Amino acid sequence: VGAAGFAGGELLRLLHQHPEVTDVVAVSRSQAGRRVGDVHPALASLGARAAEARFSGDAPADAARERDVVFLALEHGESSYLAEAIFAAGPGLVVDLAADFRIRDLALHERFYGAHVAPAHAARFVYGLADVEGERLRGAAAIAAPGCFATAAQLALRPLAAQLAAGSAVLDAIPSLFAITGSSGAGVKPKATTHHPARASNVFAYGVLGHRHEGEILEQWRRWTGRADARARLLTHAGPFVRGIHLTLHASGEGLDAGAWAAAYADRPFVRVLDCPPDLTHVVGTNDALVHAAATPAGDEVQVTVAIDNLIKGAGGQAVQAMNLALGLPETTGLRLSGCYPC
Ligand SMILES: NC(=O)c1ccc[n+]([C@@H]2O[C@H](COP(=O)([O-])OP(=O)(O)OC[C@H]3O[C@@H](n4cnc5c(N)ncnc54)[C@H](OP(=O)(O)O)[C@@H]3O)[C@@H](O)[C@H]2O)c1
C-alpha cells in the first residue's frame, strides 16, 4: 500500500525477485489502473508479471484481507488512520515503513510527532531494526520498520551501548551523529528542497537540534544502555546525491574500544565492518550497511562511520529482511544484491 512511492517501488522490485513471494498486489490511490511498468519504468526488466500488472485502487483494508503480508509505505500519519481496518482485515503480518508506530513511549512520540492518532495500536508493533533484532523478530505480527537516518544511527550506536551497559566504557558528553542524506529520502513528490538547482551542488542542514528520527533513536539508545535519561544528538543534512545516507558517530569518554563494532556484527549477514571508512557509492543498490570504527590509542574517543542505501537498508530492504525473519525464512532470502558502481 503506497506502492507508487519511492519506498513502495523498492518493495515491488525486491518482492518480485523474492523466491518465496508468489503474488504481489500494488495498491495506489493516485496511480490506480495504471501499469506498474509505466510508473516504475526500471521494473519493466522484471518481465510481464511485474511490469504489466496494474495498480489496484482497492481500499487498503480490502487489499489486506487474507494476505500473508501487508506493507504500508504511506506518508507519515496515514498508517495510524488505517491501522484499525487493516488489523480487522486479518493479514498474517503488517510491516509499516512510516514513523507512526516506531516509538512505544507515547510521550516521546508526542514530543516529535504530536499526539498519537492511534495509541491503542502502538503496543502491537515491534521495532524492526533487522540487523540488530535478528531472530527476535520471528513470529512478529506487526513490525515498525525504522527510519533511514535512524537505521544508520542505531547501527553505529548499538556496539557503543553494549560497552556502556557492560561498564567497560563511560561517556563524558552526548554522542553526536552527523548524517547526510540523498534527495530520494524526501519521497516521490517534487519539493523546493529536492528541486535540481536547489540540490545538485548544495549541502544544507535541516531538522536542527530535533530531527524526528531522534525520537526512535533515543528510545532504543535508552533501552540498550539501561539509562532512561541517556541522550544522543542526530545532526541531519541534505546532500547533492539521490540515494544513500552517510553517517558519522563521534563519542568521547573512557575505555572506548573500536573492536566492539566488528565483534557485534561478526555474524550479521548484511553489516560489513571495513578497515577503512566506507564510500557511499559502494553500498548503493544493496541491502548492506558498511561500517568502520576507529578509537584513539587512549580509548578516549571513537569515530564510527556508516553508509547505507536509504531506500533499501533504510526502507524496502530492511522491511523485506524483517518479513523474512518474522516468517522464519532464511534472513537473506531475496536480498543478496550487488551494488552498481559507479552510480
Ligand atoms: N524515502 C525514504 O528514503 C524512506 C526511508 C525509510 C522510510 N520511509 C518512509 O516510508 C514512507 C513512504 O516513503 P516514500 O519516500 O516512498 O514516500 P512517497 O514517495 O511520497 O510515497 C508515499 C506514498 O503514500 C501515498 N500517500 C501519500 N499521501 C497519502 C495520503 N494522504 N493518504 C494515503 N496515501 C498517501 C502516495 O501513494 P498514492 O497517493 O498513490 O496512494 C505516495 O505514493 C514514509 O512514511 C517515509 O517516511 C521513506
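Each reported figure results from applying straightforward, stated rules to the coordinates on display, with no laboratory input. Values in this document were obtained by computation on a predicted structure and should not be read as measured data. Ideal geometry is used to build each Cβ from the backbone, glycine not excepted, and the neighbour counts take in all protein chains shown.
List of remarks:
- Residue match in region 85-98 (condition: among the β-branched types (V, I, T) and surrounded by fewer than 20 Cβ atoms within 10 Å (Cβ to Cβ)): no
- Test: residue in region 89-101 that is touching a residue at least 40 places away in the same chain (Cβ under 8 Å) and farther than 22 Å from G5 by Cβ: yes
- Residues that are assigned to a helix (DSSP H, G or I) and crowded, with 21+ Cβ neighbours inside 10 Å do occur in region 241-262, at least one of them.
- Residue in region 30-53 that is nearest to G285 (Cα to Cα), counting only those that are in a loop (DSSP other than H, G, I, E, B) and of a type outside the set (A, V, I, L, M, F, W, C): H40
- Residue pairs meeting the criteria (Cβ under 8 Å; at least 6 apart or on separate chains; first in contact (Cβ under 8 Å) with a residue 60 or more places away in the chain and of a type in the set (A, V, I, L, M, F, W, C), in region 108-137; second assigned to a loop (DSSP other than H, G, I, E, B) and loosely packed, with under 15 Cβ neighbours inside 10 Å): F112/G210
- For region 177-190, a residue qualifies if it is near the ligand (Cβ under 10 Å from one of its atoms) and without any contact (Cβ under 8 Å) to a residue 60 or more places away in the chain, and the qualifying residues are S183, A186, K189.
- Scanning region 204-226 for residues that are farther than 20 Å from L311 by Cβ, more than 15 Å from the chain's Cα centre (by Cα) and either outside any helix (DSSP H, G or I) or among the polar types (S, T, N, Q) (or both) yields F204, A205, V208, L209, G210, T225, G226.
- Within region 119-140, the set of residues being buried (at least 16 other Cβ atoms within 10 Å of the Cβ), of a type in the set (G, A, S) and not in a helix (DSSP H, G or I) comprises G128, A140.
- Residue list for region 11-29, filter: near the ligand (Cβ under 8 Å from one of its atoms) and either on the phi > 0 side of the Ramachandran plot or not in a loop (DSSP other than H, G, I, E, B) (or both): V27
- Count - residues of region 187-242 that are of a type in the set (A, V, I, L, M) and closer than 21 Å to D100 by Cβ: 4
- Scanning region 288-314 for residues being part of a helix (DSSP H, G or I) and in contact with a strand residue (DSSP E or B) (Cβ under 6 Å, 6 or more places away or on another chain) gives a total of 2.
- In region 54-68, the residues that are assigned to a helix (DSSP H, G or I) and crowded, with 18+ Cβ neighbours inside 10 Å: P60, A61, A63, A64
- Identity of the residue in region 1-51, in contact with a strand residue (DSSP E or B) (Cβ under 8 Å, 6 or more places away or on another chain) and over 15 Å from F71 (Cα atoms), that ends up surrounded by the fewest Cβ atoms within 10 Å (Cβ to Cβ): G33
- Check on S56, polar (S, T, N, Q), under 26 Å from Q220 (Cβ atoms) and within 14 Å of the ligand (Cβ to nearest atom): no
- Any hit, region 198-214, residues being within 16 Å of the ligand (Cβ to nearest atom) and polar (S, T, N, Q): no
- Restricting region 281-294 to residues that are crowded, with 20+ Cβ neighbours inside 10 Å and of a type in the set (A, V, I, L, M, F, W, C), the residue that is farthest from Q321 (Cα to Cα): A293
- Residue in region 159-173 that is out of contact with any Ser or Thr (no Cβ under 6 Å at 6 or more places or on another chain) and either within 16 Å of the ligand (Cβ to nearest atom) or among the charged types (D, E, K, R) (or both) present: no
- Checked against the criterion of being in contact with a helix residue (DSSP H, G or I) (Cβ under 7 Å, 6 or more places away or on another chain) and on the phi < 0 side of the Ramachandran plot, the candidates A32, A53, A107 yield just one match: A53.
- Filtering region 73-105 to residues that are touching a Lys or Arg at 6+ places or on another chain (Cβ under 9 Å), among the small types (G, A, S) and within 11 Å of the ligand (Cβ to nearest atom) leaves only A99.
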